[in-house]
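Undergrad: Structure provided below as structure tokens; questions to follow.
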Amino acid sequence: MSEPFRKPDFGLEWLDADGPHADIVLSTRVRLARNLQGYAYGSRARVNDREAVYKTVQSAVDPVGTFEGAEMLQMRKLGERTRRIFLERRLVSRDLLGPDPSTAPTGAAVVVSERDPLSLMVNEEDHLRLQSLMSGLRFTEAWSVVDRLDDEIGQNLSYAYHHEFGFLTSCPTNAGTGLRASALVHLPGLVLTKEIERVLQGLAQVGLTFRGLYGEGSEVVGNFFQISNQTTLGKSEEDLIDHLERIVGTVIQTELQARQVLIRDAASVTEDKIWRAYGLLRYARSLTFEELMNLLSGVRLGVSLKLLPDLRVYTLNKIMILSQAAHLDEAAGRELSTPERHAHRAEYVRRMLETEGNAA
Amino acid sequence: MPEPGKLCDEPGCKNPAVVHLTQVVNNKISTHHLCEACASAKGINTAKPTSSFALSDFLAQLGEAGQTQAGEADVEPCEFCGLTFAGFKETGRLGCSHCYSAFEGGLRRLLTRIHGASQHVGKVYLPPNPTATDLEKRLDALRRRLNRAVESEDFERAAVLRDQIRAFEPAG
């Protein structure tokens, strides 16, 4: 257990809930897709391409101050459970881990900075995926650190770049800037007041899109929506970032108005919903992840509305990430069966609520 | 919505109009009818908004982009990675950076459909051993970004960009 990546809070600074609007915006993420000249990408890449890309990127990363003291971790060399923990912490993507859970693709790697909120995936769909993940609504800041990292690493590498199409990517939907920025926002007010459809349709009209918790193809759970840019070409990075910051800001204001409506017109029903959710989490003996997420949504709303004053958003963030399957298995020291996992999850949640804030 | 029967207003263009643009300039209302190519040449985004960008929509667009041009089936496969245009249309993924040159025509149309443009206007990449032109393009982009930062009163960013610009300029 001496490796830094086995520390209990490795790569989890974004859970701190210290960013602006952290009760509504769980996190802001900005990522850049980059590829190297001279090597095939994704499924066209052969084993020797992937190995060469891994080695080239590793030597380019070594002199970069951001990654000082950080190790580039090859997914293949990590245990299956550790890989899943990385996925649950949003440090790697499903795509990086590949289709076979028992082994990871050759050369798939990640390096996580110990100094800055930055990480870099190697041999994902694109050769490099630079990512910044921060607590709260911080598009400008997240873009700024990724931009700097891109300059630093880019000096040491030959990126695939085209005078017209910009940075070249495996999927044409990422070409140009290679920038995808997103905010993971909690919108229970809009869901309860049934305004959410209108808001989501509005997003499409201004060139944005939404997904669930784990990005592309994932379901919306616990009223968390990941809002991101849809296009990456023909606009500058700053234009894309400013646009998102403005629109997500508007979504937050709309959510706050919806909450005011709930408090004004349905105070007792809302309060009852929040306390029931808290009561179930505090005393349940078995919880599925989906049920947990739905109950956490109610409790999170309660904390935001200051109805549960002794509970912190940070505690709720931790519960959400650390009660996922691989984290529970790790804590138990073995692979749990599904019913066992539900019981361990409920026990973990009870303990957290007892030690980190008693709302009752 | 397309109005049937209308042709593109652009001089010399006889394509059916699909974009009907109503503008109000100095209290005067004018309506223009444009075909997709002329609209996109004028920088008008003709892409339809979708609620969530599903891969299937994208693949459907790929199909349309491929069908619109006769003779595209004859496009040579990418010399570097061997991907064919049909193979690309099947997966929606390119195989390497050379594919962008191999399938340039079809890709330009596709990129314009997806993004509303095919010309990158963001960061200009500076390769390791840059040529004078590379440096000039990079400097232009940095100056553009600096102006923008100043306009939006983002002085922290402006200071960083100013330093980057200074680093390119000859000492003294």
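The values are calculated or read from the model by the stated rules, or taken from the named source; none is laboratory data. The structure displayed is predicted, hence computed values, not measured ones. No Cβ is skipped: glycine too gets one built from the backbone with ideal geometry, and neighbour counts run over all protein chains shown.
Undergrad: If I filter region A:339-347 for residues that are touching a residue at least 60 places away in the same chain (Cβ under 8 Å), over 26 Å from the mean Cα position of the chain (by Cα), farther than 24 Å from A:Leu12 by Cα and part of a helix (DSSP H, G or I), do I get at least one hit?
TA: Checked against the condition, which is being touching a residue at least 60 places away in the same chain (Cβ under 8 Å), over 26 Å from the mean Cα position of the chain (by Cα), farther than 24 Å from A:Leu12 by Cα and part of a helix (DSSP H, G or I), region A:339-347 yields no hits at all.
Undergrad: Run down A:Glu347, A:Glu356, A:Glu335 and say which single residue is surrounded by 15 or more Cβ atoms within 10 Å (Cβ to Cβ), touching a helix residue (DSSP H, G or I) at 6+ places or on another chain (Cβ under 8 Å) and acidic (Asp, Glu). Even if it seems obvious, please write down each step before you answer.
TA: Working: A:Glu347 fails: touching a helix residue (DSSP H, G or I) at 6+ places or on another chain (Cβ under 8 Å); A:Glu335 fails: surrounded by 15 or more Cβ atoms within 10 Å (Cβ to Cβ).
Of the residues listed, the single one that is surrounded by 15 or more Cβ atoms within 10 Å (Cβ to Cβ), touching a helix residue (DSSP H, G or I) at 6+ places or on another chain (Cβ under 8 Å) and acidic (Asp, Glu) is A:Glu356.
Undergrad: What residue, of A:Ser297, A:Ser286, A:Ser236, is more than 25 Å from A:Leu133 (Cβ to Cβ) and hydroxyl-bearing (Ser, Thr, Tyr)?
TA: Values: A:Ser297 fails: more than 25 Å from A:Leu133 (Cβ to Cβ); A:Ser236 fails: more than 25 Å from A:Leu133 (Cβ to Cβ).
Going through A:Ser297, A:Ser286, A:Ser236 in turn, the sole match is A:Ser286.
Undergrad: Do we have A:Glu271 as in contact with a Lys or Arg (Cβ under 9 Å, 6 or more places away or on another chain) and either assigned to a helix (DSSP H, G or I) or under 30 Å from A:Leu353 (Cβ atoms) (or both) here? Full working, then the answer.
TA: Values: in contact with a Lys or Arg (Cβ under 9 Å, 6 or more places away or on another chain): no; either assigned to a helix (DSSP H, G or I) or under 30 Å from A:Leu353 (Cβ atoms) (or both): yes.
Taking the combined requirement at face value, the residue does not satisfy it.
Undergrad: Something else now. Mind listing whichever residues of region A:297-338 are among the polar types (S, T, N, Q) and in a helix (DSSP H, G or I)?
TA: Let us first name the residues in region A:297-338 that are among the polar types (S, T, N, Q), namely A:297, A:304, A:315, A:317, A:323-324, A:337-338.
Once the filter is applied, which keeps residues that are among the polar types (S, T, N, Q) and in a helix (DSSP H, G or I), region A:297-338 yields A:Ser297, A:Ser304, A:Thr315, A:Asn317, A:Thr338.
Undergrad: Right, A:Ala70: within 14 Å of chain B (Cβ to nearest Cβ) and either crowded, with 17+ Cβ neighbours inside 10 Å or in contact with a Phe, Trp or Tyr (Cβ under 9 Å, 6 or more places away or on another chain) (or both) or not?
TA: On the way: within 14 Å of chain B (Cβ to nearest Cβ): no; either crowded, with 17+ Cβ neighbours inside 10 Å or in contact with a Phe, Trp or Tyr (Cβ under 9 Å, 6 or more places away or on another chain) (or both): yes.
So A:Ala70 does not fit the description; no.
Undergrad: Right, something else. Can you name the residue in region A:80-137 that is in a loop (DSSP other than H, G, I, E, B) and of a type in the set (Val, Ile, Thr) and is also surrounded by the most Cβ atoms within 10 Å (Cβ to Cβ) among such residues?
TA: Keep residues of region A:80-137 that are in a loop (DSSP other than H, G, I, E, B), which gives A:89-93, A:98-108, A:113-117, A:123-127, A:136-137.
Applying the additional criterion that residues be of a type in the set (Val, Ile, Thr) yields A:92, A:103, A:106.
Values: A:Val92: 28, A:Thr103: 12, A:Thr106: 20.
The qualifying residue surrounded by the most Cβ atoms within 10 Å (Cβ to Cβ) is A:Val92.
Undergrad: What do you reckon, is A:Ala40 hydrophobic (A, V, I, L, M, F, W, C), in contact with a strand residue (DSSP E or B) (Cβ under 9 Å, 6 or more places away or on another chain), part of a loop (DSSP other than H, G, I, E, B) and more than 30 Å from A:Gly249 (Cα to Cα)?
TA: Values: hydrophobic (A, V, I, L, M, F, W, C): yes; in contact with a strand residue (DSSP E or B) (Cβ under 9 Å, 6 or more places away or on another chain): no; part of a loop (DSSP other than H, G, I, E, B): yes; more than 30 Å from A:Gly249 (Cα to Cα): yes.
No: the conditions fail for A:Ala40.
Undergrad: Further, regarding this structure: Within region B:14-23, count every residue that is at pLDDT 65 or above and more than 22 Å from the chain's Cα centre (by Cα).
TA: Going through region B:14-23 one residue at a time, the tally reaches 2.
Here is a yes/no grid of residues against (1) within 10 Å of chain A (Cβ to nearest Cβ); (2) over 20 Å from the mean Cα position of the chain (by Cα); (3) at pLDDT 90 or above; (4) over 20 Å from A:Gly178 (Cβ atoms):
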| site | (1), (2), (3), (4) |
| --- | --- |
| B:Thr68 | no, no, no, yes |
| B:Ala73 | no, yes, no, yes |
| B:Glu79 | no, yes, yes, yes |
| B:Phe85 | no, no, yes, yes |
| B:Gly92 | yes, no, yes, no |
| B:Tyr100 | yes, no, yes, no |
| B:Leu107 | yes, no, yes, no |
| B:Gly116 | yes, no, yes, no |
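Undergrad: Also, I was wondering about something else. Report every pair of residues separated by at least 6 positions or lying on different chains whose Cβ atoms are under 7 Å apart, first residue within region B:130-146 and farther than 19 Å from A:Leu240 by Cβ, second assigned to a helix (DSSP H, G or I).
TA: What qualifies is B:Leu135/B:Phe168; B:Leu139/B:Ile165; B:Leu139/B:Phe168; B:Arg143/B:Ile165.
Undergrad: Looking at (1) touching a residue at least 60 places away in the same chain (Cβ under 8 Å); (2) away from every other protein chain (no Cβ under 11 Å); (3) touching a strand residue (DSSP E or B) at 6+ places or on another chain (Cβ under 9 Å), which one does A:Ile196 not meet, given that it meets all the others?
TA: Going through (1) touching a residue at least 60 places away in the same chain (Cβ under 8 Å); (2) away from every other protein chain (no Cβ under 11 Å); (3) touching a strand residue (DSSP E or B) at 6+ places or on another chain (Cβ under 9 Å) one by one, A:Ile196 breaks only (1).
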